[in-house]
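Remarks on the structure that follows.
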Amino acid sequence: MSSQAGSVNTPAATGELPRVRDVQTRRNAELALLGFAMALVAAYSATIQVTMFDTITGNFWVPAAILSALFLGLHLVVRYTAPYADPALIPAVALLNGIGVAFLRRLDLAEAPAAERLTYPIFAGTGGRQLAWTLIAVLFAAIVLLVIKDHRAISRYAYTLGLGGIVLVLIPALLPGRFSEINGAKLWIRVGGFQIQPGEFAKLALLAFFAYYLVRKREVLSLASKRVLGIDFPRGRDLGPVLAVWAVSLLVLVFEKDLGTSLLYFGMFVVTLYIATERVSWLIIGLLLFFGGAYSAYLLGASVGGPFANFYDRAQIWLDPFSDPYERGFQLVQSLLGLGSGGLFGTGPGGGQPTIIPEVHNDFIFAGLGEEIGLFGLSALLIVYLLIVQRGLRAGLAVRDSFGKLLAGGLAFTLGLQVFVIVGGISRLIPLTGQTTPFLSAGGSSLMANWMLIALLLRVSDAARRPVDGSASARPSGATASAPAQLHGAPTEVIKP
Amino acid sequence: MNAPLRRVGVVVLVLFALLFANLNWVQAYKADEYRNSDYNGRVQIAEYERERGVIEAGRTALATSKPTDGELKYVRQYPADEAYAHVVGYNPVNLAATGIERSEDEFLAGTSDALVADRISDLWTGEKTPGGSVLLSLSKRAQETAFKEMTNNRVGAEKGAAVAINPRTGAVQALVSMPSFDPNPLVSHDTDAAEAAFDKLDGDPDKPLINRALSETYPPGSTFKVIDAAAALENGYTQQTQIPAGPVYRAPTSGTDIRNAAASICPESQVTLREALTESCNTGFAQLAVTLGADKIKEEARKFGFGQTDLTCGRLNAEGLPVATSETGEIKNPDGGDDPAALAQSGIGQNNVRMTPMQGALIAAAVANNGRQMRPYLVQKLLGPDRTTSHYTATPKELNGSVVSSDVAGELRDMMVNVVQNGTGRNAQIDNIVVGGKTGTAQSAPDRKDHGWFIGFAIKDGQPVSAVAVFLQEAGSGGSGEAARIAGQIMRAVVTDAEGS
């Protein structure tokens, strides 16, 4: 498929005929994989019960069954609205989501009084809430698939989305700490007992805007003026947008006290810029700017303190968590000890003591899982993430329009980068930051936003694999008629037969 | 745009490879270090999986484990509260353990090599066999009497210590430090509450957590005259040898006047050694020390156990509760020369002479046991989880060989019995039991009240049955008399307990 995608500039000559002949929807494969994933989740829940209770209660399969029903519903929506979508995405995400729900329930059981454990209600505790959030998140994903019949329609609202994204990013920074701060990071909007993490949604909105903006400006931005060491560097005046985003991300770093989110936005922008312009120089400039900024913030934190002190603290903890193991380094130390206690094979589901690790429901869920499923289990989870990211990038490769390529590539990369930032953080590869682990961590915002991200990838992958000749009839007419007109100067736009 | 997309795919692959490599580092290479780290609470949870053994004395449980619903499966309980706190110690969740709980930790926890057979059988049964039990040598009646009499002492002393040992074996019969504390809050599984309880005790100006019987030294005052008398007897003196006394003594070179506690005590220019000890004649013993010389006094004190740095009191073939080093200190004037004034003060247990209450009991015990000083111990027996297999039974050991000859010991015993019968130690008398001893009043600091001391022994049917030291810190006037009374009560309890069993 990739060879075909690579030759989209001359579709009529090579690409058309084989595709028309034997494109399969692969929906049955998706259903089979989904069944397999849910069977794994049920087996995982059963193992937890055997380890914790020495017996299997009659209801171990109930959360897995509820999830199966949900995902089956989504599968049916996909069958109807995006029949050619990538068949690996939903099963892979469902597996992560299911393990997340089961593990959170396992944490609830550990914290519940012994007498109540055997009869712990399905919808109680964090695990029960996560199950409910999954219901809502999958519903959102279905709505995205039903409403957005063509991903190019999104570009119509690019500026609105961009503005909305920036507002969402900035709200926590501008709110007083008591409405926005949890564990030192100002990433939240807290009203009453309810809290949302707007950055999770901002990610999607900003990416849609970046993709639209870069498709329009890619020619200007890819103009090279100087060649240094064999690499083309852009003209000074073209640096404007990248500097603007850099400044915003540094503001996020300083005022929301969060390196992870800052790295996430900036990485997202630089990579989409690179994909759009094909100029390595943007990557180099981006990396230099980011590391320069982070290092300056570190030095400023050491000397001036003030808004930079938090970042300096986190860097210090990262450099030597064991120097203050009970206070500042406590979280990271406990995370490392949890991972180390798990070792290669782990203590088995339900056999460890993950509740020792602080914030194990959220940021440190990967460390909690690592204690019980070991290095082998975590590696498997990483491979599932990698699979999702690579399938997303593959959708970007295969889709024929520039906006879709940027959107899918950006979304997939952002997901991968987020996994890198949080897993790297809890295992002391990079300084720790308050990111959620996609699909695993407790929390509705993260789950909803990431399921929407998957829905968009499904939409783009459907467009990529949909047979060209069938498209006119299969695609609802309203969106297609106007959408391409929005994309000025998009050279890879397919010439429709 | 496809080439950069593919490269982004490679970048993601590299990032995940870094994560994978780093997880290998954390979960494989560093795994053992992290698994056994001091900061790893899982080590502790594993420890609490197994019911910890019982510490008991005279068939009374002093430390037990009760099952809980929590993550830590057993909570430690100390039913005797304060009375045994300094001996038993405590085994908290996060803080450092103390006492027998610390020194016998492995046996109590069931992880000691002695209990390996039980752990192997665990592999077949799937059960967690409880840890072993520790039987202490303490006499329940003596310990509780000591605790009650100390805390209700009639001179209002708030700090102090009492030690009773069996002179023939070294078995500790009672060991009390005052003020004591309730160890139960310290072992709470609510670690914040436990830490708060610890901070409160640790910050208390009376320092209840300190074991004053073992880990603190104090000026021994007149009890040190037993050492002087022993040195004199070993150097040709007899009980009847006349030694210079008088109402006041000033050392040849310098120093302050040394007087007696009352004008009625040895105003004569000469008294017998026996009489000097009976009346606790300061001027007599100060001059005796100067006559004998610093080396002889120091050597005698060393033989009785002063200067011993590595003494512990627990199990005879293992470590135990550390005992602080008793010292005779420098007996020189500030410019380094021999100083008769310092020597005179040292002879009456002042200057730089310091001893632990345990050392006081060891002196009395050596005298009572014909000059043979036995190593003190607290652990009488280690029992396996089945409570029938014995893993250890104390076999008494000598501490410092023969401290003095049995003749000299006999003379000292005779003189000390006279002190209780006719002298300053009358409060220690017990019906039908021969009691000997020596009182002491020691200046603590110029602006503080004097310490009261008593060291002594009880002999029943010609056999020494108990040797005691009682110390009342800053007790003021009447302190040494009250110490003698408490010592008598403790020894009576020992005798009663022995008769009962």
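Listed by position, the helices (runs of 4 or more DSSP H) contained in the range B:312-428 that have at least 2 residues being open to solvent by 20 Å² or more (accessible area, probe 1.4 Å) are B:340-347, B:406-422. The set of residues in the range B:83-97 being in contact (Cβ under 8 Å) with a residue 40 or more places away in the chain and more than 18 Å from B:Arg59 (Cα to Cα) consists of B:His86, B:Gly89, B:Tyr90, B:Asn91, B:Pro92, B:Val93, B:Asn94, B:Leu95. The set of residues in the range A:278-289 being closer than 21 Å to A:Gly416 by Cα and open to solvent by less than 10 Å² (accessible area, probe 1.4 Å) consists of A:Trp282, A:Gly286. Within the range B:474-497, residues that are closer than 12 Å to B:Lys140 by Cα reach partners that are of a type in the set (Gly, Ala, Ser) and open to solvent by 30 Å² or more (accessible area, probe 1.4 Å) with beta carbons closer than 8 Å, at six or more positions or on different chains, in the pairs B:Asp497/B:Gly58. Can you tell me which residue in the range A:430-451 is nearest to the other protein chains (Cβ to nearest Cβ), limited to those that are among the β-branched types (Val, Ile, Thr) and buried (at least 23 other Cβ atoms within 10 Å of the Cβ)? Within the range A:430-451, the match that is nearest to the other protein chains (Cβ to nearest Cβ) is A:Thr437. All of A:Val50, A:Val62, A:Val23, A:Val78 fail the test of being open to solvent by less than 10 Å² (accessible area, probe 1.4 Å) and among the β-branched types (Val, Ile, Thr), apart from A:Val78. The residue that is nearest to the chain's Cα centre (by Cα), counting only those in the range B:83-102 that are open to solvent by 30 Å² or more (accessible area, probe 1.4 Å) and at pLDDT 90 or above, is B:Thr98. Reported count of residues in the range B:459-489, each being in a strand (DSSP E or B) and among the hydrophobic types (A, V, I, L, M, F, W, C), is 8. Among the criteria (1) free of Cβ contacts under 8 Å to residues at least 12 places away in the same chain; (2) more than 30 Å from A:Ala112 (Cα to Cα); (3) over 24 Å from the mean Cα position of the chain (by Cα); (4) more than 9 Å from every other protein chain (Cβ to nearest Cβ), the one A:Phe322 does not fulfil is (4). Residues of the range A:255-291 that are within 11 Å of chain B (Cβ to nearest Cβ) and of a type in the set (Phe, Trp, Tyr): A:Tyr274, A:Trp282. Can you name every residue in the range A:332-373 that is open to solvent by 10 Å² or more (accessible area, probe 1.4 Å), within 23 Å of B:Asp190 (Cα to Cα) and in a helix (DSSP H, G or I)? Residues satisfying the conditions are A:Thr355, A:Ile356. Of the set (1) closer than 23 Å to B:Ala229 by Cα; (2) in a helix (DSSP H, G or I); (3) open to solvent by 10 Å² or more (accessible area, probe 1.4 Å), all apply to B:Arg492 but (1). Scanning the range A:290-307 for residues that are under 27 Å from the mean Cα position of the chain (by Cα), open to solvent by 30 Å² or more (accessible area, probe 1.4 Å) and farther than 30 Å from B:Gln27 by Cα yields a single hit, A:Gly292. So is A:Pro113 surrounded by fewer than 20 Cβ atoms within 10 Å (Cβ to Cβ) and within 14 Å of chain B (Cβ to nearest Cβ) or not? So A:Pro113 passes the test.
Check off (1) within 14 Å of chain B (Cβ to nearest Cβ); (2) closer than 23 Å to B:Leu23 by Cβ for A:Glu327 and give me the number that stays unchecked. Result: A:Glu327 passes all but (2). The residues of the range A:313-365 that are of a type in the set (Gly, Ala, Ser) and over 20 Å from B:Ile45 (Cβ atoms), listed by number, are A:Ala315, A:Ser323, A:Gly329. For the range B:120-140, the candidate set comprises residues that are farther than 15 Å from B:Lys381 by Cβ and out of contact with any Lys or Arg (no Cβ under 9 Å at 6 or more places or on another chain); within that set, the residue that is most open to solvent (accessible area, probe 1.4 Å) is B:Trp124. Output the residues belonging to the range A:382-429 that are at the interface with chain B (Cβ under 10 Å from one of its Cβ atoms), open to solvent by less than 10 Å² (accessible area, probe 1.4 Å), among the polar types (S, T, N, Q) and in a helix (DSSP H, G or I). If the condition is that a residue be at the interface with chain B (Cβ under 10 Å from one of its Cβ atoms), open to solvent by less than 10 Å² (accessible area, probe 1.4 Å), among the polar types (S, T, N, Q) and in a helix (DSSP H, G or I), then A:Ser402 is the only one that fits.
Inside the range B:206-246, residues that are open to solvent by less than 50 Å² (accessible area, probe 1.4 Å), part of a helix (DSSP H, G or I) and of a type in the set (Asp, Glu) make up a count of 1. Against the numbered list (1) part of a helix (DSSP H, G or I); (2) open to solvent by less than 40 Å² (accessible area, probe 1.4 Å), B:Phe306 comes up short only at (1). Kindly indicate whether B:Phe181 is in a helix (DSSP H, G or I), of a type in the set (Phe, Trp, Tyr) and more than 12 Å from the chain's Cα centre (by Cα). For B:Phe181, the condition - in a helix (DSSP H, G or I), of a type in the set (Phe, Trp, Tyr) and more than 12 Å from the chain's Cα centre (by Cα) - is not met. Of all residues in the range B:440-475, those satisfying the criterion of being of a type in the set (S, T, N, Q) and open to solvent by 10 Å² or more (accessible area, probe 1.4 Å) are B:Thr441, B:Gln443, B:Ser444, B:Gln463, B:Gln473. Within the range B:64-114, the set of residues being of a type in the set (A, V, I, L, M) and under 12 Å from B:Val54 (Cα atoms) comprises B:Val88, B:Ile100, B:Leu108, B:Ala109.
The values are calculated or read from the model by the stated rules, or taken from the named source; none is laboratory data. Only a predicted model underlies this, so the values are computations on that prediction, with no experimental measurement involved. All Cβ positions, glycine included, derive from the backbone under ideal geometry; neighbour counts span all protein chains shown. Each accessible area value is taken on the protein alone, full model and side chains, heavy atoms only, with ligands, DNA and RNA left out. Shrake-Rupley method; radii C 1.70, N 1.55, O 1.52, S 1.80 Å.
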